[in-house]
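Only one structure is covered here, and it is reproduced in the block below.
Every number here is computed from the coordinates shown, using simple stated rules; none is lab data. Small disclaimer: the values here were computed from a predicted structure and weren't measured. All Cβ positions, glycine included, derive from the backbone under ideal geometry; neighbour counts span all protein chains shown.
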Amino acid sequence: MTKTMNSRDIRSLWKCFVLILLLTGSFVVYLLVKPGDPDSITFVDNLTQGILETLGLFLTLPFFLQEGGRVQLLPTILQRHAHSVKTMRRWVPLLFGLGILSYIIGQALWTYNEDIIHLAVLFPTWADAGYLGSFPFLLVAFVLLPSRQLLNGTRTRIILDGLLIVVGVFTLGWYFILGPTILQGADTLAGRIIGTAYPFVTLLLIFCLILLVIHTNNWMERPVILLLSLALIVIIVTDSIYDYQELHNLYATGGLLDVGWPLGYMLIGLAARAIRLQVAGNRSDTSSITSILSQKTTMLSSLGRALLPYLFVLAVVLLLVYVQYLGKNTAIEEGVRIGTILLMILLLIRQGLAIRETIVQNNTLRMMQQDVSTKNTALNTANTQLEEQARQIEEAYKQERHLNELKDQFLLHINHELRTPLTTMQGYLELMNMDTTRLPDRERGFLQSARESCEELMLLVSNVLDVTSILAGQIPHCGELSVAFVVRCVLEQIDPRNAQVYQIDVDIPEGMVAWADQQFLRQIFQNLLSNAFKYTPHGTTITISTVCIEPAAQELSQVLISIKDQGPGIPPEEIAQLFGKFVRLERDRSSAVAGSGLGLYICKQLVESMQGKIWVESTGIKGEGSRFCFTLPVNAPDVVDAGA
């Protein structure tokens, strides 16, 4: 119940169930004690039955229910099916109520005939019309209960199982109750018809019970199914005992048998209330849809339900053996033989269907196996293709690495070949520049342009050579260096013209040291200062400063070195790609500023090879400039580890 109704609904049903048990127990105690004279006992018995059955009718009515509940977001087709199922379910409690009402009318007429006007013959009377009139309503209600949608073969097998049970019960009932009732019934035709109707109604209830069995695999309906099954079992047992007692003139009002009818109808009323609670809470939609979506269960899983039809077959066969042993040939014994023949025919059909289902399932299983085999073959083929592709990719990767190595070797060789003539050219240009007094101004300008172009070409060749060395895995030779000393050496080698047009401020303590490769560190300063000279306007200041960074736990002491200019700055959206290979800013591609886009890439590789980090800080606002920062360890890593 916990999966179909909320806790308040469950408590309500449990309270009603406990009340039914208490009232039934009180009725049983009264019938056992039997206080008073026989007439009063009979009257109280009939009156109590009517009151208890009225309680069952009250439970079917929509009292104390609250509409609403969860809203189910479902596809359109399922919503339509759910709406139709919910509409049918709204009729089920009403039909149960009408069936109970008809039975109450029959009970009232029986009480009037027996206790008010004291009829000598109580069968048949109009009370029987009320009793029998309840069963059509119950049958229609059971049919309207939404069930699982089954495959055709499964549905046929369930129908055959139901027919086996019904024919078995009918054959047994014919021998013990139905046959004697028809052959030895009342004197009037109406009495014979009504007397025969009660056993047939019992068979009808058994058929309804079989319908409920179909529902039991739907866990959303189990509370209702359990209550209805219990109610039908109580009514069927009570009717069967009543028919037997009537046949042998043993029934009398005031016995414990009278408890069965009101108990059964009160349980039916409680089941109707459970249905109303589900509909009011909008929970029946998911139960029916769960049944539609769970069609994988095509056979009844319970071993007991599967063997039940065969138990009735066995019982009828034993009855036939007993009848043959007696050797009688009356209509009752002939009915047993006919019933046995029908059972055997149904059993053969049932077994034939089972064999056919087995063959179909075996064929289906064989097709599934073939399908799985085909898919496995396709999967193996795909795996082979993937392995071949992976091998080709690996070969292509190796080939690419080989080509890159050849390219690096070529660049290294060609750079050496270029550096030699460039050095010669630069030397001759320097010699010519030493004595320019005899040259006209125009020729001196040409000579100066040639010198500058040669220096730029030499810088480009040096950068390409540096990149090639880095890619080749050049290892830095680090040691403890004075940062101030390295900066002074770099500044002494810069172009004197740059020293004249820029103010270079150096804020580096003499005792500031770093664990670095001197050649790498000098090249980093040269590249960063070269960028500063390119972009910073003449007459502005370039600042070189250092600061020591206190180490965190398990980290090295580091020195932060920065070079700050007052140039146009770098747009923030371009900073992320600034340290890439051959990267130039968008504005530089259309400007007169020359460059290869390798300087900052070389700086990044050199800094990281010495276990440092490099970055840039800039707002992109003209005049605020940029600040290039990088860190280097103060001490050797192994020295720190040894100290730890």
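Under the shape rule built on the C-alpha gyration tensor, where the axes satisfy a ≥ b ≥ c, segment 481-643 is prolate, since a/c reaches at least 1.5 and a/b is greater than b/c. Each of 349, 475, 158 was scored by other Cβ atoms within 10 Å of its Cβ. Listed from fewest to most, they are 475, 349, 158.
Counted by neighbouring Cβ atoms within 10 Å, the residues 15, 604 run from fewest to most as 15, 604.
In this structure the amide hydrogen of residue 504, modeled in the peptide plane, comes within under 5 Å of the amide hydrogens of 542, none closer than 5 places in sequence on its chain. Here the Karplus relation 6.51 cos²θ - 1.76 cosθ + 1.60, evaluated at θ = phi - 60°, turns the backbone of segment 520-534 into coupling constants of 4, 5, 4, 5, 4, 4, 4, 5, 5, 5, 4, 5, 4, 5, 5 Hz, with x for every Gly and Pro. Please work out the FRET efficiency for the pair residue 550 and residue 581, using the Cβ-Cβ distance as r and a Förster radius of 45 Å; give the result to the nearest 0.05. Once the sixth-power term is evaluated, E becomes 0.85.
Descending by average beta-carbon neighbour count within 10 Å, the peptides 492-498, 259-265 line up as 259-265, 492-498, the highest first. Note that segment 113-118 has calculated 3J(HN,Hα) couplings of 5, 7, 10, 9, 9, 6 Hz, one per residue in order, obtained from phi through the Karplus relation 6.51 cos²θ - 1.76 cosθ + 1.60 (θ = phi - 60°); glycine and proline are x. Taking other C-beta atoms within 10 angstrom as a stand-in for reagent exposure, 125, 364, 541 fall in the order 364, 541, 125, fewest first. Under 5 Å from the amide H of residue 625 lie the amide H atoms of 567, 569, each residue being 5 or more positions distant or on a separate chain, with H modelled from the backbone and absent for Pro and chain starts.
Using the beta-carbon distance between residue 63 and residue 369 and R0 = 56 Å, what value does 1/(1 + (r/R0)^6) give for FRET efficiency, to the nearest 0.05?
Efficiency, from the Cβ-Cβ distance: 0.45.
With the cut-off at under 11 Å, measuring from each backbone N in segment 621-635 to a point 7 Å along the Cα-to-Cβ line of residue 574 picks out no residue. Proximity of backbone amide H atoms, modeled 1.01 Å from N, is registered between residue 549 and 558, 559, 560 at under 5 Å, excluding neighbours fewer than 5 places apart on the same chain.
Comparing segment 475-514 with the 2.2 N^0.38 Å rule of thumb, its C-alpha radius of gyration ratio is 1.41 (two decimals). Each of residue 120 and residue 230 was given a label point 7 Å from its Cα along the Cα-to-Cβ line. The distance between the two points is 4.5 nm.
Multiplying the residue separation of residue 497 and residue 530 by 0.36 nm and removing their Cα-Cα distance gives an extension gain of 10.6 nm.
Computed from label points 7 Å out along Cα-Cβ, the spacing between residue 144 and residue 331 is 3.8 nm.
For the pair residue 318 and residue 129, label points projected 7 Å from Cα toward Cβ lie 4.3 nm apart.
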